[in-house]
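Notes to accompany the following structure.
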Amino acid sequence: MAMQDESVRAGTHIRNHMLNFINSFSLKCAVELGIPDVIHKHGGPITLEELVDALAINKAKAEHLGRLMNLLTRSGFFVAANDGYALGPPSCLLIKDHPFSLAPFVVEVTGPIFAGPWHHVSEWFHNDDPTAFQTAYGKTFWDSTSQDPEFNHNFNQAMARSSLHIMSLVKKYCREVFEGLDSLVDVGGGTGLVARAFADEFPDMKCTVLDLPHVVAGLEGTKNLVYVGGNMFEVIPPAQAAFLKSITHNWNDDDCVKILKKCKEAIPSRKNGGKVIILGMIVGSTQSKADDDDDDEELIQTQIFLDLQMMVNYDGRERKLKEWVKIFNDAGFTEYKTTQLGLMSLIQLFP
Ligand SMILES: C[S@@+](CC[C@H](N)C(=O)[O-])C[C@H]1O[C@@H](n2cnc3c(N)ncnc32)[C@H](O)[C@@H]1O
């Protein structure tokens, strides 16, 4: 008779959580090996033997690869098919030349720089550092990107590629929010892939990407896109709309109010079409225009993970609607409108 008393279940629960990092690192390994790319190129289900050949790995490790694939199939990345493996929806998003590939993001976020601060969280709870990132490395996240060109490059690339996915949803479901704007400044716009998507979609809109000097150094604009190196806490270049994607969750409430006040200075009055457009997460919001299935539980888990990731690395947070609204009011905005798009929401703020 199977022994399933409470302590057995509790021990299993602990072991599964203790070993949860194996999920992250198996995913990292699959992306680094290029398993999704190989299956995609194969054009259909692939056997273990064919996979070993195509990956050109040590043939003596075929059985070991099978064990890794077993875990990744159980966790929904691949699908068991015809004595082999096929791509599932998550692994399709990990093909490196998929237009919205999350592969660079996976490699970056599972890499040593992001994992490091998690070894210092308990120490951080005792000290005065604003973030465990600072406890681990003695500097802020943004000082690290400015001082480490490779980290700067990899982080910006990972952000940019991951942003294209949500931008496809924005174009599909919220096009009217941007239609008719004569100019837009993407505040903390990184290397400008998102702004380029706007500039291509709306050729009459003048787009400006504002980011830290080391992020935009050497980047060339286009007919309707310019790069400006600067600091959003000092000056934001004027535009009819200020756009912020994945910015506010990197900052505490006081800093968010400062950023939004600077945005307010950069845009015209509401009568003249001025607005701030934020793409960010609203914790507790699970009803989406872009996703009407029932995986709310998974979405809630992601919101909690991302909130802790913001806490550990940036002194930021993910916010519930009432926390967002307080920031909007403190920055002097009187009205807002939200539309949920999967994990994120598009929030329009009117001065
Ligand atoms: C999480 S990334 C988001 C990038 C981009 N908006 C996206 O979603 O792909 C945050 C961005 O804010 C930029 N940033 C940080 N501090 C800044 C500052 N003081 N002024 C302007 N940009 C800043 C970073 O360099 C980085 O590109």
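A few notes on this one:
- Looking across segment 182-215, the residues that are in contact with a Ser or Thr (Cβ under 6 Å, 6 or more places away or on another chain) and closer than 13 Å to residue 156 by Cβ come down to 194, 214.
- Identity of the residue in segment 185-197, hydrophobic (A, V, I, L, M, F, W, C) and surrounded by 24 or more Cβ atoms within 10 Å (Cβ to Cβ), that ends up nearest to the chain's Cα centre (by Cα): 194
Residue-by-condition table, conditions (1) open to solvent by 50 Å² or more (accessible area, probe 1.4 Å); (2) more than 13 Å from the ligand (Cβ to nearest atom):
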position: 111; (1), (2): no, yes
position: 114; (1), (2): no, no
position: 118; (1), (2): yes, yes
position: 126; (1), (2): yes, yes
position: 131; (1), (2): no, yes
position: 137; (1), (2): yes, yes
position: 141; (1), (2): no, no
position: 150; (1), (2): yes, yes
position: 160; (1), (2): no, no
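- Helices (runs of 4 or more DSSP H) completely within segment 1-119 that count 2 or more residues being within 30 Å of residue 131 (Cα to Cα) and modelled with pLDDT of 95 or more: 6-18, 21-33, 103-109, 112-115
- Yes/no for residue 219 being surrounded by fewer than 21 Cβ atoms within 10 Å (Cβ to Cβ), within 15 Å of the ligand (Cβ to nearest atom) and within 28 Å of residue 148 (Cα to Cα): yes
- For residue 145, the criteria (1) open to solvent by 40 Å² or more (accessible area, probe 1.4 Å); (2) within 15 Å of the ligand (Cβ to nearest atom) hold in every case but one, which is (1).
- Given (1) touching a residue at least 24 places away in the same chain (Cβ under 8 Å); (2) closer than 28 Å to residue 216 by Cβ; (3) away from the ligand (no atom under 12 Å from the Cβ); (4) open to solvent by 60 Å² or more (accessible area, probe 1.4 Å), number of the condition residue 107 does not satisfy: (4)
One line per residue, one yes/no per condition, for (1) in contact (Cβ under 8 Å) with a residue 40 or more places away in the chain; (2) open to solvent by less than 90 Å² (accessible area, probe 1.4 Å); (3) small (Gly, Ala, Ser):
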{"position": "17", "(1), (2), (3)": "no, no, no"}
{"position": "22", "(1), (2), (3)": "yes, yes, no"}
{"position": "49", "(1), (2), (3)": "no, no, no"}
{"position": "52", "(1), (2), (3)": "no, yes, no"}
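- A count restricted to segment 174-194 and to residues that are within 16 Å of the ligand (Cβ to nearest atom) and without any contact (Cβ under 8 Å) to a residue 40 or more places away in the chain stands at 4.
- Evaluated against (1) outside any helix (DSSP H, G or I); (2) out of contact with any Asp or Glu (no Cβ under 8 Å at 6 or more places or on another chain), residue 227 falls short on exactly one condition, (2).
- Odd one out for residue 41, checked against (1) free of Cβ contacts under 8 Å to residues at least 24 places away in the same chain; (2) surrounded by 14 or more Cβ atoms within 10 Å (Cβ to Cβ); (3) within 28 Å of residue 168 (Cα to Cα): (2)
- Qualifying residue in segment 200-212 (condition: part of a helix (DSSP H, G or I), open to solvent by less than 30 Å² (accessible area, probe 1.4 Å), in contact with a strand residue (DSSP E or B) (Cβ under 9 Å, 6 or more places away or on another chain) and within 15 Å of the ligand (Cβ to nearest atom)): no
- Test for residue 169: is it assigned by TED's automatic domain parsing to the domain that holds residue 333, open to solvent by 60 Å² or more (accessible area, probe 1.4 Å) and touching a strand residue (DSSP E or B) at 6+ places or on another chain (Cβ under 7 Å): no
- Test: residue in segment 283-301 that is among the polar types (S, T, N, Q), part of a loop (DSSP other than H, G, I, E, B) and open to solvent by 50 Å² or more (accessible area, probe 1.4 Å): yes
- Qualifying residues in segment 238-261 (those that are over 21 Å from the mean Cα position of the chain (by Cα), surrounded by 16 or more Cβ atoms within 10 Å (Cβ to Cβ) and assigned to a loop (DSSP other than H, G, I, E, B)) - the one farthest from the ligand (Cβ to nearest atom): 240
- With respect to the conditions (1) under 19 Å from the mean Cα position of the chain (by Cα); (2) within 9 Å of the ligand (Cβ to nearest atom); (3) surrounded by fewer than 23 Cβ atoms within 10 Å (Cβ to Cβ), residue 231 lacks only one, and its number is (1).
The values are calculated or read from the model by the stated rules, or taken from the named source; none is laboratory data. In this text, all values refer to a predicted model and were calculated from it rather than measured experimentally. Quick reminder, even Gly has a Cβ in these numbers, built from the backbone with ideal geometry, and neighbours come from all protein chains shown. What goes into the accessible areas is simple: the full protein's heavy atoms, side chains included, and nothing from ligands, DNA or RNA. Shrake-Rupley method; radii C 1.70, N 1.55, O 1.52, S 1.80 Å.
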